[in-house]
Amino acid sequence: MDSKTAFIAITGRPNAGKSSLLNALTGEKIAMVTDKPQTTRTRITGIVTKEETQYVFMDTPGIHKPKTRLGEHMNKAIRDCVIDVDVIIMISDLTRKINEAETILLKSFKKNAAVILLLNKTDLIRKKENIAQRIEEFSSLYDFNAIIPVSILHGDGTDLIWREIEKYAAEGPHYFPDDKLTDQPEKFLMSEIIREKILILMRDEIPHGIAVGIEQTEERTNKNGEDILDCSAVIYCERESHKGMIIGKQGAMLKKIGQLARTELEEFFRIKVNLQCRVKVKEDWRNKEGLIRNFGLGN
């Protein structure tokens, strides 16, 4: 049986449901999901192998007007991702009007790739004629290969997505082992899990200036014969005042972040985790090229 491969870029504006789609298609939580924009900062790859066909999905940051060098890197990640893929999945939120960022994104698509539009959050739309109207609006802007109304949250329409993308798988080798789920290093996944908890727990102005670095990981066996993963993490913020808020009164906030992160790390890596977190200040790191690359966020 000849092997096939399809490379698929997932694009759209912030909070449209890109990371939720990647997690739904892979069946695992690879990309972090919160209700805050710009949760995804770099390209995240998810891999699904079904019999002879390997699907390589690339989740990208939400297209936005950049205010920092990090923002410029995020937009570049989107542009680079859509250049040489077989399929582009563009997700649009039905509860929001089409905006300038989406029209700019459509203009960046190359004609050599199939483009599928997903109109997400159908579960929040009472009048179905509003969906038909949005289909008409988008159809006037771009000649899509397919337009699929979906509710990623409820899993409605996922089978239609698979049916559509499998058309574009081409004969070729599998670029990853068939049992591989992502090409992201374990330390990156660890740092993203910790950052997600900060995004969930803290006020809007703090999380976007946060980066997480994993300094050390080491497996050991304790005296009871249990396998333990020791993990040392550093949370970087841009201001001294933010450091105090992340730590919290008598360390309460940092402890809560650590507890939530530890629970998910144990579920993901299927091992007991001993997580130690510290907080450091790196002023204006989002505008410093060296630090952006050190945190794995450069292209």
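The values are calculated or read from the model by the stated rules, or taken from the named source; none is laboratory data. The structure presented is a predicted model; accordingly, all values stated were derived computationally and were not measured. Cβ atoms come from the backbone with ideal geometry, glycine included; neighbour counts cover every protein chain shown. Ligands, DNA and RNA are excluded from the accessible area calculation, which covers all protein heavy atoms including side chains. Shrake-Rupley method; radii C 1.70, N 1.55, O 1.52, S 1.80 Å.
Details
- Residues of the stretch 158-167 satisfying the condition of being open to solvent by less than 60 Å² (accessible area, probe 1.4 Å) and over 20 Å from the mean Cα position of the chain (by Cα): E164
- Here the stretch 100-112 is the region considered, the condition is being touching a residue at least 40 places away in the same chain (Cβ under 8 Å) and surrounded by 13 or more Cβ atoms within 10 Å (Cβ to Cβ), and the residue that is farthest from I161 (Cα to Cα) is A101.
- Residues located in the stretch 186-211, provided they are without any contact (Cβ under 8 Å) to a residue 40 or more places away in the chain and either over 25 Å from K249 (Cα atoms) or not charged (D, E, K, R) (or both): K187, I210
- Any hit, the stretch 168-180, residues being open to solvent by less than 70 Å² (accessible area, probe 1.4 Å), under 30 Å from V115 (Cα atoms) and not in a loop (DSSP other than H, G, I, E, B): yes
- Residue match in the stretch 90-101 (condition: outside any loop (DSSP other than H, G, I, E, B) and within 28 Å of E52 (Cβ to Cβ)): yes
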